[in-house]
1. Can you confirm whether residue 179 is within 10 Å of ligand 2 (Cβ to nearest atom), modelled with pLDDT under 95 and either out of contact with any Ser or Thr (no Cβ under 6 Å at 6 or more places or on another chain) or not polar (S, T, N, Q) (or both)?
2. Within region 172-229, restricting attention to residues that are in contact with a Phe, Trp or Tyr (Cβ under 9 Å, 6 or more places away or on another chain) and not in a loop (DSSP other than H, G, I, E, B), which residue is surrounded by the fewest Cβ atoms within 10 Å (Cβ to Cβ)?
3. Kindly check whether there is at least one residue in region 60-69 that is more than 9 Å from ligand 2 (Cβ to nearest atom), at pLDDT 95 or above and touching a Phe, Trp or Tyr at 6+ places or on another chain (Cβ under 7 Å).
4. For residue 15, indicate whether it is under 14 Å from the mean Cα position of the chain (by Cα) and under 26 Å from residue 141 (Cβ atoms).
5. Do we find a residue being part of a helix (DSSP H, G or I) and either in contact with a Leu (Cβ under 6 Å, 6 or more places away or on another chain) or surrounded by 23 or more Cβ atoms within 10 Å (Cβ to Cβ) (or both) anywhere in region 58-65?
6. Kindly check whether there is at least one residue in region 93-107 that is closer than 17 Å to residue 18 by Cα, in contact (Cβ under 8 Å) with a residue 24 or more places away in the chain and touching a helix residue (DSSP H, G or I) at 6+ places or on another chain (Cβ under 9 Å).
Amino acid sequence: MAESPVVVAIDGPSGTGKSSTSKAVAVRLGLGYLDTGAQYRAMTWWMLTNGIDVDDPAAVAAASAKPSIVSGTDPQNPTITVDGTDVSAPIRGREVTAAVSAVSAVPEVRSRITELQRSLAAEAPGGIVVEGRDIGTTVLPDADVKIFLTASPEARAARRSAELKGKEAADLATTKEALARRDAADSGRKTSPLAKADDAVEVDTTELTLPQVIECVVTLVEEWKRRGR
Ligand SMILES: Nc1ncnc2c1ncn2[C@@H]1O[C@H](COP(=O)(O)OP(=O)(O)O)[C@@H](O)[C@H]1O
Ligand SMILES: Nc1ccn([C@H]2C[C@H](O)[C@@H](COP(=O)(O)OP(=O)(O)O)O2)c(=O)n1
């Protein structure tokens, strides 16, 4: 008999290892993978490209139904398009990163993207790992396994800096400051802020290697399966 699908929610601030962990766990367990941050980034990219003032919540709300955002959930090849255009590279740029917290704080943006996320999770045949900020609290409160990743601000900034090296390189202090600003905006907004669900398992990844974090999450999912679902 085919196993019934498992839904795994992984939340936490930037640089805690959500994307790398979620992708690897999904590959290991044969699950789909959804990067919800990429969806908010895609919405933000569309607003910037179409000259919408991202600091005007009413303008963002009025435009939020326009772009068609499509996410591919294969963890070996996650894709994201806006109106048919592949935006996987431009959504990682500094301009989008600086504007994404403002756009994602707008309730109309969140309700639209939350709806997309719920239908992708419901459609995933073998189950899915969904990573973001409000998955365990708001998007999928009935997820089978909920994880909240944390790490020290220093570790997170060092990881991000290492990643940006050579591209849009910024020094460690600037990266740390930008992360702190985004944390504050994402945790302080009114509509489904970044938060740990009461029933999420918190994993501090500061002193862990990526393979250790992956192993930890795989073990939690396997324990859940053994407990009889
Ligand atoms: N436990 C870890 N130890 C060291 N580096 C890590 C760890 N987890 C992730 N990384 C690295 O940190 C960077 C950010 O990880 P990522 O998965 O994108 O985090 P998030 O999705 O939470 O922003 C990546 O370059 C990744 O390889
Ligand atoms: N479920 C989510 C996911 C992301 N967001 C917003 C808030 C985040 O700062 C941005 C970008 O998220 P993303 O996961 O791509 O950010 P990092 O890769 O961790 O830097 O999107 C959100 O509001 N809700």
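1. Numbers: within 10 Å of ligand 2 (Cβ to nearest atom): yes; modelled with pLDDT under 95: yes; either out of contact with any Ser or Thr (no Cβ under 6 Å at 6 or more places or on another chain) or not polar (S, T, N, Q) (or both): yes.
Against the criterion (within 10 Å of ligand 2 (Cβ to nearest atom), modelled with pLDDT under 95 and either out of contact with any Ser or Thr (no Cβ under 6 Å at 6 or more places or on another chain) or not polar (S, T, N, Q) (or both)), residue 179 qualifies.
2. In the first step, residues of region 172-229 are kept if they are in contact with a Phe, Trp or Tyr (Cβ under 9 Å, 6 or more places away or on another chain); the result is 195-197, 200-203.
Then drop every residue that is not not in a loop (DSSP other than H, G, I, E, B), which leaves 201-203.
Details: 201: 15, 202: 11, 203: 21.
Checked region 172-229; the qualifying residue surrounded by the fewest Cβ atoms within 10 Å (Cβ to Cβ) is 202.
3. Taking region 60-69 as the starting set, the residues that turn out to be more than 9 Å from ligand 2 (Cβ to nearest atom) are 60-69.
Now narrow it down to the ones that are at pLDDT 95 or above: 60-69.
With the extra rule that they be touching a Phe, Trp or Tyr at 6+ places or on another chain (Cβ under 7 Å), the set shrinks to 67.
Looking through region 60-69, at least one residue is more than 9 Å from ligand 2 (Cβ to nearest atom), at pLDDT 95 or above and touching a Phe, Trp or Tyr at 6+ places or on another chain (Cβ under 7 Å).
4. Details: under 14 Å from the mean Cα position of the chain (by Cα): yes; under 26 Å from residue 141 (Cβ atoms): yes.
For residue 15, the condition - under 14 Å from the mean Cα position of the chain (by Cα) and under 26 Å from residue 141 (Cβ atoms) - is met.
5. For region 58-65, residues part of a helix (DSSP H, G or I) and either in contact with a Leu (Cβ under 6 Å, 6 or more places away or on another chain) or surrounded by 23 or more Cβ atoms within 10 Å (Cβ to Cβ) (or both): present.
6. Residues of region 93-107 closer than 17 Å to residue 18 by Cα: 97.
Among the residues that remain, those that are also in contact (Cβ under 8 Å) with a residue 24 or more places away in the chain are: 97.
Now narrow it down to the ones that are touching a helix residue (DSSP H, G or I) at 6+ places or on another chain (Cβ under 9 Å): 97.
There is at least one residue in region 93-107 that is closer than 17 Å to residue 18 by Cα, in contact (Cβ under 8 Å) with a residue 24 or more places away in the chain and touching a helix residue (DSSP H, G or I) at 6+ places or on another chain (Cβ under 9 Å).
The values are calculated or read from the model by the stated rules, or taken from the named source; none is laboratory data. Nothing here was measured: the structure is a model prediction, and the numbers come from that model. Cβ atoms come from the backbone with ideal geometry, glycine included; neighbour counts cover every protein chain shown.
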